[in-house]
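Below: the structure, in structure tokens.
The values are calculated or read from the model by the stated rules, or taken from the named source; none is laboratory data. Since we're looking at a predicted model, the values are computed, not measured. Because the Cβ atoms are built from the backbone with ideal geometry, glycine has one as well, and the counts that use them run over all protein chains shown.
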Amino acid sequence: MANILVIDDERSIRNTLKEVLEYENHKVDLAVDGIEGLDLFAKGKYDIVLCDIKMPNMDGLEVLEKLFEQSTDAAVIMISGHGNIDTAVEAIKKGAFDFIEKPLDLNRLLITIRNGLDKTTLITETKVLKRKVSKTFDIVGESAAIRKVKEMVDRVAATDARVLVTGKNGTGKELVARWLHEKSPRAAMPFVEVNCAAIPSELIESELFGHEKGAFTSAYKDRKGKFEIAIGGTLFLDEIGDMSLSAQAKVLRALQESKITRVGSDKEIKVDVRIVAATNKDLKKEIEAGNFREDLYHRLSVILIHVPSLNERLEDIPLLAEHFCGLICCEYGIPLKKITSDGIAELQNITWTGNIREFRNVLERLIILCDKEITEADVLAYAQPISR
């Protein structure tokens, strides 16, 4: 069932549409002109608007413009007995979903309404998914340590400066990288992640730079590397400290020249990417040990952002608990569960060796195993911290 607004100055048209659409189980409101239609639209929530073009006081094209000034997601279908190609084109350019001439073909109208509802549903689902994604990648907390990280992200995101993000496993280094991308002018372009620790050293060059067909035994076709895929966007090199020295040399050249060469090719490809790297290692110690190139370190660390461990920002635990409870309960489709103040206090007593990643897993366990309220006793029973 859809909420439909019909704006037409002809009573017979209004009444016919109301009768037909209500028979199809839709809820229908009627307006005699554009002014009344806009007033109804501002007060209600409509999925479909059927709007006549030739009306007194305000014509349909003006109504259409004012509807979209309200950032509506409704599908607006224009109807007219005086239509021509130019009018139809103008209506579509102004954002109308479709244009139907009078006398109305009711079968075509119903099909158009169904298609318009599909579009509205897709827009709504997309917005919901975007909200879920943005919540998933929130940097949550108000401690001095995390505020410093947020301020640095806000200051640096608009530039193309290379950023090196440091911190222990599970602290949220990827979140920082994603926010740097989302707040940058490159946000509409790809965010491409490479886990340098998960790719064997003999494959890292192909993964980063791509390869030509026949470059090696299993190269059955040309393949773009992550640098090419990320053109115009951001390339996130996670666990950069685990990259082999030979791959480091190639990455250094790519950063210096903004060019790459696929494995098995002599052709240079220009790449415009913003590099964000992350590591849980002390790269200065790795340089001293001969495991990391000093020149690459200096190329990557134009901006340094250190992400604090959870134990360094225990005052953020109430906000984090509220955030993850909402997120996890939504994912499971269950009513929101609350954590009592003594439960929060007990969570703050835990030494979080796995940081945010461990904290989220513990919250998920508590939500699954506990009743509506998560208490101190529940935390003691199910959190199972490694150390206190």
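Data table
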| quantity | calculated |
| --- | --- |
| Selection count where residues are outside any helix (DSSP H, G or I) and either over 31 Å from the mean Cα position of the chain (by Cα) or buried (at least 19 other Cβ atoms within 10 Å of the Cβ) (or both), scope the range 236-260 | 7 |
| Any hit, the range 206-213, residues being of a type in the set (Asp, Glu) and within 12 Å of ALA247 (Cβ to Cβ) | yes |
| Lone unmet requirement of (1) of a type outside the set (Phe, Trp, Tyr); (2) within 36 Å of the chain's Cα centre (by Cα); (3) outside any helix (DSSP H, G or I); (4) modelled with pLDDT under 90 for ALA42 | (3) |
| Meets criteria (in contact with a strand residue (DSSP E or B) (Cβ under 6 Å, 6 or more places away or on another chain), part of a loop (DSSP other than H, G, I, E, B) and either hydrophobic (A, V, I, L, M, F, W, C) or at negative phi (or both)) for ALA215 | yes |
| Enumeration of residues in the range 174-207 that are aliphatic (A, V, I, L, M), within 20 Å of the chain's Cα centre (by Cα) and more than 19 Å from HIS306 (Cα to Cα) | ALA187, ALA188, MET189, VAL192, VAL194 |
| Residue check for SER265: loosely packed, with under 14 Cβ neighbours inside 10 Å and in contact (Cβ under 8 Å) with a residue 24 or more places away in the chain | no |
| Residues of the range 268-287 satisfying the condition of being surrounded by fewer than 22 Cβ atoms within 10 Å (Cβ to Cβ) and not aliphatic (A, V, I, L, M) | GLU268, LYS270, ASP272, ASN280, LYS281, ASP282, LYS284, LYS285, GLU286 |
| Residue within the range 171-183 that is surrounded by fewer than 22 Cβ atoms within 10 Å (Cβ to Cβ), among the small types (Gly, Ala, Ser), in contact (Cβ under 8 Å) with a residue 24 or more places away in the chain and assigned to a loop (DSSP other than H, G, I, E, B) present | no |
| Residue tally, condition part of a loop (DSSP other than H, G, I, E, B), surrounded by fewer than 16 Cβ atoms within 10 Å (Cβ to Cβ) and of a type in the set (Phe, Trp, Tyr), over the range 57-106 | 0 |
| Single residue of the range 211-228 satisfying the filter (of a type outside the set (D, E, K, R) and in contact with a Phe, Trp or Tyr (Cβ under 9 Å, 6 or more places away or on another chain)) that is nearest to VAL192 (Cα to Cα) | PHE227 |
